[in-house]
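Heads up, the thing below is written out as structure tokens.
The values are calculated or read from the model by the stated rules, or taken from the named source; none is laboratory data. Everything numeric in this text was worked out from a predicted model, so none of it was measured. We place every Cβ from the backbone using ideal geometry, glycine too, and count neighbours over all the protein chains shown. Surface areas here come from the heavy atoms of the whole protein model, side chains and all, with no ligands, DNA or RNA. Shrake-Rupley method; radii C 1.70, N 1.55, O 1.52, S 1.80 Å.
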Amino acid sequence: MSKDSEAVLQLLGANEEQILTEWLAEAGAASSRITEAGRRAMRGEADDLLRSLREGLQAGGAPDDLQAAAWAPLRQSLESLSRSRAAQGQSAGDTSMFVLAFKRPLFKSIQARFGSEAERQMAVVWAVSTLVDGMAQWTVTTYQRTREEIIKRQQQDLLELSTPVIKLFEGVLAVPMIGTLDSARTQMVMETLLQRIV
């Protein structure tokens with residue numbers, strides 16, 4: 001574990017509740033609409049991210065390499081956060097701002113701890129900044145993938161709905177068609193028709 005990672009881990013251990021409280025206050029101020037249930041959910045998300053962050057640091061994860069195996073729990077937490085917020089209809093910007101709000105309380109703790117050691121303070125600030133920026137970027141990437149998956153699923157659902165097979169009489173099926181018949185839609189019609197025939 002690098003000296004900077006160790007310093008961040010010590011700061012989290014010594015000031016966790018204060019950092020968490022200030023993080024949630026910062027994130028709440030950045031959010032335009034937040035309910036009491038939203039605050040509780042945010043607290044759970046922040047707790048989960050902090051736990052995963054500590055695990056990654058303890059496993060020797062370098063702040064500038066979020067792809068390393070040590071950061072697997074943190075990546076999973078970030079992906080879970082992004083997917084959950086994407087499903088709720090929140091924007092990628094809101095999700096990344098929530099993660100970036102983590103910086104200010106960390107910087108405040110770093111300043112209190114290393115205020116008289118300018119060079120050390122700068123090194124730890126750089127490590128924290130690199131790590132939190134990487135976390136925010138990971139949420140945006142996951143968010144975009146999740147939105148693409150949702151859109152593809154919705155397109156598939158619409159395609160299925162736009163190609164109904166209706167039973168008119170015993171042994172007689174109808175397939176009403178509106179719009180163009182491309183290869184994907186033709187395949188869907190054939191599959192649906194064959195299933196109903198069986």
Matching residues in segment 150-176 - criterion: being surrounded by 11 or more Cβ atoms within 10 Å (Cβ to Cβ) and touching a residue at least 12 places away in the same chain (Cβ under 8 Å) = 150, 159, 160, 162, 163, 164, 165, 173, 175
Looking only at segment 62-78, which residues are farther than 19 Å from residue 100 by Cα and open to solvent by less than 70 Å² (accessible area, probe 1.4 Å)?
-> 68, 70, 72
Residues satisfying the stated conditions in segment 101-114, i.e. small (Gly, Ala, Ser) and either more than 14 Å from residue 7 (Cβ to Cβ) or open to solvent by 70 Å² or more (accessible area, probe 1.4 Å) (or both) | 101, 112
Residues of segment 99-123 being among the aliphatic types (A, V, I, L, M) and under 22 Å from residue 24 (Cα atoms), which ones?
-> 99, 100, 101, 106, 110, 112
Among the residues of segment 177-195, count how many are open to solvent by less than 60 Å² (accessible area, probe 1.4 Å) and more than 22 Å from residue 152 (Cβ to Cβ).
-> 1
Which ranges mark the helices (runs of 4 or more DSSP H) fully within segment 92-198 that have 2 or more residues being modelled with pLDDT under 90 and within 25 Å of residue 63 (Cα to Cα)?
-> 92-100, 103-114, 118-161
Search segment 115-149 for residues being hydrophobic (A, V, I, L, M, F, W, C) and without any contact (Cβ under 8 Å) to a residue 12 or more places away in the chain, and hand back the single one that is most open to solvent (accessible area, probe 1.4 Å).
-> 122
Among the numbered conditions (1) modelled with pLDDT of 85 or more; (2) more than 15 Å from residue 10 (Cα to Cα); (3) of a type in the set (Lys, Arg), tell me where residue 85 comes up short.
-> (1)
Quick count over segment 79-98, residues being free of Cβ contacts under 8 Å to residues at least 40 places away in the same chain and surrounded by 19 or more Cβ atoms within 10 Å (Cβ to Cβ), is 0
If the Cβ limit is 7 Å and pairs must be 6+ apart or interchain, which residue in segment 36-63 that is at pLDDT 85 or above pairs with which residue that is β-branched (Val, Ile, Thr)?
-> 57/8
